[in-house]
Amino acid sequence: MLNLGVNIDHVTTLRQARYRTMPDSPNAEPSALQAALEAEAAGAHSITIHLRADRRHIQDADVYLLRNSIGTKLNLEMGNTEEILAIALEVKPHFVCMVPESREEVTTEGGLDVRGHFDALKVTVGKLEANGTRVSMFIDPDLDQVRASAEVGASMIELHTGTFANHFGAERAAEVARLKAAAELGHSLGLQINAGHGLTTGNLPDLLGIPHLAELNIGHHIVSRAVFIGLRAAVQEMLAAMTGYPSA
Ligand code: PXP
(Lines give C-alpha, C1' and ligand atoms only; values in the text may rest on other atoms or scores of the structure.)
Protein backbone atom coordinates (compact mmCIF):
# COMPACT_ATOMS: atom_id res chain seq x y z
CA MET A 1 0.00 0.00 0.00
CA LEU A 2 1.23 3.47 -0.87
CA ASN A 3 1.13 5.80 2.14
CA LEU A 4 0.77 9.58 2.13
CA GLY A 5 2.76 11.86 4.39
CA VAL A 6 1.25 15.34 4.37
CA ASN A 7 3.81 18.12 4.68
CA ILE A 8 2.27 21.02 6.61
CA ASP A 9 5.25 23.41 6.44
CA HIS A 10 3.32 25.85 4.29
CA VAL A 11 0.46 26.08 6.74
CA THR A 12 3.01 27.55 9.12
CA THR A 13 4.53 29.67 6.34
CA LEU A 14 1.19 31.47 6.28
CA ARG A 15 1.09 31.78 10.07
CA GLN A 16 4.64 33.15 10.22
CA ALA A 17 3.89 35.69 7.50
CA ARG A 18 1.65 37.49 9.98
CA TYR A 19 2.68 36.31 13.46
CA ARG A 20 6.45 35.84 13.28
CA THR A 21 7.00 38.57 15.86
CA MET A 22 4.01 37.53 18.00
CA PRO A 23 4.42 33.77 18.42
CA ASP A 24 2.33 33.64 21.59
CA SER A 25 -0.56 35.70 20.29
CA PRO A 26 -3.92 33.98 20.79
CA ASN A 27 -4.71 35.24 17.29
CA ALA A 28 -1.87 33.26 15.64
CA GLU A 29 -3.33 31.23 12.78
CA PRO A 30 -3.57 28.91 10.93
CA SER A 31 -2.81 26.24 13.51
CA ALA A 32 -0.26 23.57 12.62
CA LEU A 33 -1.94 21.12 14.95
CA GLN A 34 -5.38 21.69 13.46
CA ALA A 35 -3.90 21.18 10.00
CA ALA A 36 -2.28 17.91 11.07
CA LEU A 37 -5.51 16.66 12.62
CA GLU A 38 -7.48 17.57 9.48
CA ALA A 39 -4.96 15.72 7.33
CA GLU A 40 -5.23 12.69 9.58
CA ALA A 41 -9.03 12.84 9.53
CA ALA A 42 -8.81 12.72 5.74
CA GLY A 43 -6.67 9.57 5.87
CA ALA A 44 -3.06 10.80 5.86
CA HIS A 45 -0.63 8.18 7.15
CA SER A 46 1.93 10.58 8.58
CA ILE A 47 2.63 14.27 9.12
CA THR A 48 5.82 15.73 7.72
CA ILE A 49 7.51 18.92 8.94
CA HIS A 50 10.87 20.54 8.27
CA LEU A 51 12.49 22.35 11.18
CA ARG A 52 14.86 24.62 9.33
CA ALA A 53 17.84 26.35 10.94
CA ASP A 54 16.28 29.74 10.10
CA ARG A 55 12.86 28.67 11.50
CA ARG A 56 11.14 30.20 8.49
CA HIS A 57 8.01 28.11 8.91
CA ILE A 58 7.90 25.30 11.48
CA GLN A 59 8.92 26.44 15.00
CA ASP A 60 10.36 24.33 17.83
CA ALA A 61 7.06 24.51 19.72
CA ASP A 62 5.26 23.02 16.69
CA VAL A 63 7.59 20.01 16.73
CA TYR A 64 6.92 19.20 20.38
CA LEU A 65 3.18 19.84 20.14
CA LEU A 66 2.76 17.68 17.04
CA ARG A 67 4.87 14.85 18.47
CA ASN A 68 2.63 14.72 21.53
CA SER A 69 -0.71 15.28 19.82
CA ILE A 70 -1.00 13.58 16.45
CA GLY A 71 -2.38 10.10 16.09
CA THR A 72 -0.27 8.95 13.13
CA LYS A 73 3.48 9.21 12.71
CA LEU A 74 5.71 12.30 12.73
CA ASN A 75 8.31 12.63 9.99
CA LEU A 76 10.87 15.34 10.81
CA GLU A 77 12.96 16.68 7.94
CA MET A 78 16.27 18.14 9.07
CA GLY A 79 19.67 19.30 7.97
CA ASN A 80 22.63 17.64 9.64
CA THR A 81 23.42 20.18 12.35
CA GLU A 82 24.12 19.63 16.05
CA GLU A 83 21.33 21.99 17.07
CA ILE A 84 18.57 20.21 15.15
CA LEU A 85 19.96 16.77 15.96
CA ALA A 86 19.69 17.53 19.69
CA ILE A 87 16.01 18.41 19.21
CA ALA A 88 15.39 15.25 17.15
CA LEU A 89 17.01 13.08 19.81
CA GLU A 90 14.80 14.64 22.48
CA VAL A 91 11.57 14.58 20.45
CA LYS A 92 12.09 11.06 19.06
CA PRO A 93 9.99 11.45 15.89
CA HIS A 94 9.00 8.17 14.24
CA PHE A 95 10.99 9.13 11.15
CA VAL A 96 13.69 11.61 10.28
CA CYS A 97 14.44 12.57 6.70
CA MET A 98 17.92 14.06 6.31
CA VAL A 99 17.86 16.89 3.79
CA PRO A 100 20.42 19.41 2.48
CA GLU A 101 19.71 22.92 3.65
CA SER A 102 20.98 26.30 2.62
CA ARG A 103 19.54 29.61 3.73
CA GLU A 104 19.24 31.04 0.23
CA GLU A 105 17.01 28.33 -1.20
CA VAL A 106 13.26 28.94 -1.32
CA THR A 107 12.59 25.26 -0.68
CA THR A 108 14.76 22.13 -0.62
CA GLU A 109 16.38 22.29 -4.04
CA GLY A 110 18.60 19.27 -4.59
CA GLY A 111 19.17 15.89 -3.03
CA LEU A 112 21.56 15.25 -0.17
CA ASP A 113 25.15 14.33 -1.10
CA VAL A 114 25.36 11.29 1.17
CA ARG A 115 28.64 10.13 -0.36
CA GLY A 116 30.23 13.55 0.08
CA HIS A 117 29.18 13.91 3.74
CA PHE A 118 29.40 10.23 4.57
CA ASP A 119 31.29 10.34 7.88
CA ALA A 120 29.22 13.10 9.47
CA LEU A 121 25.96 11.51 8.31
CA LYS A 122 26.97 8.09 9.61
CA VAL A 123 27.35 9.49 13.14
CA THR A 124 23.95 11.24 12.98
CA VAL A 125 22.14 8.26 11.45
CA GLY A 126 23.64 5.96 14.08
CA LYS A 127 22.47 8.21 16.93
CA LEU A 128 18.95 8.58 15.55
CA GLU A 129 18.43 4.90 14.70
CA ALA A 130 19.78 3.87 18.15
CA ASN A 131 17.26 6.33 19.64
CA GLY A 132 14.32 4.58 17.94
CA THR A 133 13.89 6.87 14.90
CA ARG A 134 13.98 5.40 11.40
CA VAL A 135 16.11 7.55 9.14
CA SER A 136 15.63 8.39 5.49
CA MET A 137 18.03 10.09 3.07
CA PHE A 138 16.51 12.60 0.64
CA ILE A 139 18.54 11.94 -2.50
CA ASP A 140 18.46 12.49 -6.22
CA PRO A 141 17.91 9.26 -8.16
CA ASP A 142 21.64 8.65 -8.45
CA LEU A 143 22.77 5.06 -8.01
CA ASP A 144 25.86 5.88 -5.99
CA GLN A 145 23.81 8.01 -3.60
CA VAL A 146 21.46 5.03 -3.16
CA ARG A 147 24.43 2.79 -2.32
CA ALA A 148 25.86 5.41 0.05
CA SER A 149 22.47 5.66 1.82
CA ALA A 150 22.48 1.93 2.50
CA GLU A 151 26.13 2.02 3.62
CA VAL A 152 25.54 4.96 5.96
CA GLY A 153 22.97 2.92 7.89
CA ALA A 154 19.70 4.54 6.79
CA SER A 155 16.49 2.49 6.72
CA MET A 156 14.91 4.44 3.90
CA ILE A 157 15.56 6.75 0.98
CA GLU A 158 13.25 9.47 -0.25
CA LEU A 159 13.78 9.97 -3.96
CA HIS A 160 13.76 13.65 -4.94
CA THR A 161 11.05 14.11 -7.56
CA GLY A 162 11.69 17.80 -8.21
CA THR A 163 13.35 17.21 -11.59
CA PHE A 164 10.57 14.78 -12.52
CA ALA A 165 7.93 17.38 -11.62
CA ASN A 166 9.57 20.26 -13.46
CA HIS A 167 10.19 18.49 -16.77
CA PHE A 168 7.82 17.26 -19.41
CA GLY A 169 7.78 14.89 -22.37
CA ALA A 170 11.01 13.04 -23.15
CA GLU A 171 12.87 14.75 -20.28
CA ARG A 172 10.31 13.55 -17.79
CA ALA A 173 10.43 10.05 -19.26
CA ALA A 174 14.22 10.03 -18.81
CA GLU A 175 13.81 11.09 -15.18
CA VAL A 176 11.21 8.36 -14.62
CA ALA A 177 13.79 5.84 -15.88
CA ARG A 178 16.34 7.19 -13.38
CA LEU A 179 13.80 7.01 -10.56
CA LYS A 180 12.92 3.43 -11.50
CA ALA A 181 16.57 2.34 -11.48
CA ALA A 182 17.17 4.03 -8.12
CA ALA A 183 14.04 2.42 -6.63
CA GLU A 184 15.07 -1.03 -7.89
CA LEU A 185 18.57 -0.70 -6.49
CA GLY A 186 17.39 0.68 -3.16
CA HIS A 187 14.86 -2.11 -2.76
CA SER A 188 17.50 -4.72 -3.55
CA LEU A 189 19.68 -3.20 -0.80
CA GLY A 190 16.84 -3.51 1.73
CA LEU A 191 15.88 0.17 1.83
CA GLN A 192 12.29 1.43 2.06
CA ILE A 193 11.60 3.64 -0.94
CA ASN A 194 9.77 6.95 -0.47
CA ALA A 195 9.46 9.87 -2.86
CA GLY A 196 8.59 13.54 -2.70
CA HIS A 197 8.91 17.12 -3.87
CA GLY A 198 6.74 18.84 -6.44
CA LEU A 199 4.16 16.06 -6.64
CA THR A 200 0.64 17.00 -7.72
CA THR A 201 -2.52 15.15 -8.66
CA GLY A 202 -1.60 16.13 -12.23
CA ASN A 203 1.86 14.55 -12.37
CA LEU A 204 1.18 11.61 -10.07
CA PRO A 205 0.00 9.25 -12.84
CA ASP A 206 3.47 9.47 -14.43
CA LEU A 207 5.10 8.58 -11.12
CA LEU A 208 3.03 5.54 -10.31
CA GLY A 209 5.02 3.33 -12.71
CA ILE A 210 7.98 3.48 -10.34
CA PRO A 211 8.22 0.23 -8.38
CA HIS A 212 8.54 -0.39 -4.62
CA LEU A 213 7.19 2.97 -3.46
CA ALA A 214 6.07 2.92 0.18
CA GLU A 215 5.34 6.57 0.96
CA LEU A 216 4.95 9.90 -0.81
CA ASN A 217 5.55 13.16 1.05
CA ILE A 218 3.50 15.96 -0.41
CA GLY A 219 2.96 19.50 0.80
CA HIS A 220 2.78 22.46 -1.54
CA HIS A 221 0.11 21.15 -3.88
CA ILE A 222 -2.11 19.91 -1.06
CA VAL A 223 -1.89 23.21 0.84
CA SER A 224 -2.49 25.13 -2.40
CA ARG A 225 -5.58 23.09 -3.20
CA ALA A 226 -6.75 23.55 0.39
CA VAL A 227 -7.14 27.29 -0.25
CA PHE A 228 -9.99 26.46 -2.61
CA ILE A 229 -11.49 23.18 -1.41
CA GLY A 230 -10.32 22.85 2.20
CA LEU A 231 -7.49 20.75 3.61
CA ARG A 232 -9.52 17.64 4.27
CA ALA A 233 -10.80 17.49 0.71
CA ALA A 234 -7.34 18.27 -0.69
CA VAL A 235 -5.81 15.34 1.19
CA GLN A 236 -8.66 13.08 0.10
CA GLU A 237 -8.16 14.18 -3.49
CA MET A 238 -4.48 13.23 -3.31
CA LEU A 239 -5.23 9.88 -1.68
CA ALA A 240 -7.72 9.14 -4.45
CA ALA A 241 -5.04 9.90 -7.06
CA MET A 242 -2.72 7.42 -5.31
CA THR A 243 -5.14 4.50 -5.25
CA GLY A 244 -4.06 3.14 -8.61
CA TYR A 245 -0.64 2.20 -7.26
CA PRO A 246 -0.08 -1.55 -7.38
CA SER A 247 0.40 -2.92 -3.86
CA ALA A 248 3.69 -4.68 -3.19
N1 PXP B 1 10.10 15.79 0.81
C2 PXP B 1 11.13 16.59 1.19
C3 PXP B 1 12.36 15.95 1.71
C4 PXP B 1 11.01 18.00 1.12
O5 PXP B 1 12.03 18.77 1.51
C6 PXP B 1 9.80 18.54 0.65
C7 PXP B 1 9.67 20.04 0.56
O8 PXP B 1 9.63 20.59 1.80
C9 PXP B 1 8.77 17.67 0.30
C10 PXP B 1 8.94 16.30 0.36
C11 PXP B 1 7.43 18.18 -0.15
O12 PXP B 1 7.57 18.86 -1.33
P13 PXP B 1 6.30 19.68 -1.90
O14 PXP B 1 5.99 20.73 -0.89
O15 PXP B 1 6.80 20.21 -3.19
O16 PXP B 1 5.18 18.70 -2.05
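The values are calculated or read from the model by the stated rules, or taken from the named source; none is laboratory data. Keep in mind it's a predicted model, so treat the numbers as computed, not measured. Reconstructed Cβ throughout: ideal geometry from the backbone, glycine too, with neighbour counts over all protein chains shown. Remember, those area values only see protein heavy atoms, side chains included, never the ligands or the DNA or RNA. Shrake-Rupley method; radii C 1.70, N 1.55, O 1.52, S 1.80 Å.
Annotations
- The range 196-248 - percent of accessible surface contributed by carbon and sulfur, probe 1.4 Å: 58
- Solvent-accessible surface of the range 17-64, averaged per residue with a 1.4 angstrom probe and all protein chains in place: 49 square angstrom.
- Relative contact order (%) - the range 49-118, alpha-carbon pairs under 8 angstrom, separation at least six: 27
- Three-way shape label, the chain, alpha-carbon gyration tensor, a/c 1.5: oblate
- Note on Ala61 and Thr200: with the Förster distance fixed at 25 Å, the Cβ-Cβ geometry gives a FRET efficiency of about 0.25.
- Residue among Pro26, Gly126, Ile139 farthest towards the positive dipole end of the chain, charges placed on Cβ: Pro26
- Among Val152, Val123, Val227, the order of accessible area from largest down is Val227, Val123, Val152, computed with a 1.4 Å probe on protein heavy atoms.
- Carbon/sulfur fraction of accessible area - the range 116-177, other protein chains in place, 1.4 Å, %: 55
- Under a 5 Å amide H cut-off, with hydrogens placed 1.01 Å from N, Asn217 pairs with Gly5, Ala195, Gly196, His197 among residues at least 5 apart or on other chains.
- Whole-number percent relative contact order across the range 102-248, with pairs defined as alpha carbons under 8 Å at least 6 apart: 18
- The chain, relative contact order [Cα under 8 Å, separation at least 6], %: 20
- FRET efficiency for the Thr21 to Ala41 pair, using the beta carbon distance and R₀ = 30 Å, is estimated at 0.40.
- Available extension along the chain between Ile229 and His117 is 36.1 nm, counting 0.36 nm per residue and deducting the alpha carbon span.
- The range 107-195, accessible area per residue, ligands and nucleic acids excluded (1.4 Å, Å²): 42
- Whether the range 185-226 is rounded, prolate or oblate, judged on the alpha carbon gyration tensor where a/c under 1.5 counts as rounded: prolate
- Evaluating 6.51 cos²θ - 1.76 cosθ + 1.60 at θ = phi - 60° for every residue in the range 80-93, the Karplus couplings come out as 8, 10, 4, 4, 6, 4, 4, 5, 4, 5, 6, 6, 6, x Hz, glycine and proline recorded as x.
- Carbon and sulfur %, accessible surface of the range 1-79 computed with the full protein complex present, 1.4 Å: 50
- Radius 12 Å from Cβ of Gln145, net charge of other residues (Lys, Arg +1; Asp, Glu -1): -3
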